[in-house]
Ligand SMILES: CCCCCCCCCCCCC/C=C/C(=O)SCCNC(=O)CCNC(=O)[C@H](O)C(C)(C)COP(=O)(O)OP(=O)(O)OC[C@H]1O[C@@H](n2cnc3c(N)ncnc32)[C@H](O)[C@@H]1OP(=O)(O)O
């Protein structure tokens, strides 16, 4: 333990993790070269928006991946990159994770379309510049040269997409359904990485849960130091894996046990319970309920209390509380990937996932 504390003090908590996970494909090894300490930490990427307030040292990470902020491989990779970048930024001490309820995505596109498609394009986007030209093209037979009237549109379009009222719908089920074992393994490694980075973060972390948060969304929430949830009867949170016919792995279970205790975790996991906000508060799955429009401001107020504690003392304490759980996964990472891949690719599990997907779609109809 003395070693742990010495290392924690020297490298910081996530520094210790990085030392241990140096071979990770999604870890520091591949991410670090992309970011220098000089880089600003206000970034907008397609699925995640990060704003760091330099005066408070608090970053707000907003998930903005419609329709439900599901955790795909791309999303997880982006999430980890953002976390790593903030972790390396000495001015960032606190992180709030939340979801944008609506977002406007600014998209610049260059497209080449045939004349017949021109009208359609115009109705979708206000083109900044439209250049008509004639394009010579080899036909599919390769013998005839045909000339098509084309319209080259350079468009700046505003696409408004609405996220349903979710914090995160958890792991992207499409990443686990009908995929090759290799792809499943890559995906699972990214899920592990997300949890390792979040649960072991040196930053004080708060989940501002402004929507439903099942399964992987719940894992992300309980990976934080504190949870504030919107008091909205439509929202639920929990590790509902068994309801899908799948099993939450040991480190999901350990994180839940560390949060709500053994008995509540046992009931919760075996029954795959999704809790309403008041019930989640009752078992300690979330720490505070507030009206929906106050989730973020409460998270900001709460963060200032966390940041009033000296960083090194908070970080070493966090390490003492979480290191054992983290080490358990670090020393079983490859076996955990192998387990996941062989479990998820079983015919019976694939059938369960298909039925669950169909159920999700039919609920809409
Ligand atoms: C020997 C054994 C050893 C054990 C070994 C263990 C190995 C490990 C085993 C595997 C462990 C895996 C762990 C899995 C964790 C997960 O996170 S699984 C995902 C669980 N998520 C859910 O159950 C949530 C499902 N979604 C919902 O309940 C609702 O969508 C919502 C979030 C409450 C939002 O509802 P609403 O606003 O009404 O939106 P919808 O209309 O339902 O959805 C919109 C579209 O989004 C699609 N969608 C929803 N969730 C997901 C998702 N998680 N992934 C992918 N896609 C999703 C939904 O189908 C809709 O799609 P369209 O119909 O095409 O619009």
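Here, each number is a calculation from the coordinates, and none is a lab measurement. Only a predicted model underlies this, so the values are computations on that prediction, with no experimental measurement involved. No Cβ is skipped: glycine too gets one built from the backbone with ideal geometry, and neighbour counts run over all protein chains shown.
Taking each residue of the stretch 48-65 that is on the phi > 0 side of the Ramachandran plot and in contact (Cβ under 8 Å) with a residue 40 or more places away in the chain and looking for partners that are in a loop (DSSP other than H, G, I, E, B) and surrounded by fewer than 21 Cβ atoms within 10 Å (Cβ to Cβ) with beta-carbon atoms closer than 8 Å, six or more apart or interchain, yields 57/91; 57/93. The residue of the stretch 212-264 that is farthest from residue 294 (Cα to Cα), among those that are assigned to a strand (DSSP E or B) and either within 7 Å of the ligand (Cβ to nearest atom) or out of contact with any helix residue (DSSP H, G or I) (no Cβ under 9 Å at 6 or more places or on another chain) (or both), is 214. If you check 315, 350 for being crowded, with 17+ Cβ neighbours inside 10 Å and in a helix (DSSP H, G or I), only one passes: 315. Screening residue 211 against (1) buried (at least 21 other Cβ atoms within 10 Å of the Cβ); (2) more than 17 Å from the chain's Cα centre (by Cα); (3) farther than 29 Å from residue 346 by Cβ leaves a single unmet condition, (2). Checked against the criterion of being surrounded by 12 or more Cβ atoms within 10 Å (Cβ to Cβ), more than 12 Å from the ligand (Cβ to nearest atom), under 24 Å from the mean Cα position of the chain (by Cα) and in a helix (DSSP H, G or I), the candidates 327, 293, 279, 336 yield just one match: 327. From the set of residues in the stretch 188-211 that are part of a loop (DSSP other than H, G, I, E, B) and more than 14 Å from residue 81 (Cα to Cα), which is nearest to the ligand (Cβ to nearest atom)? Across the stretch 188-211, the extreme among qualifying residues is 211.
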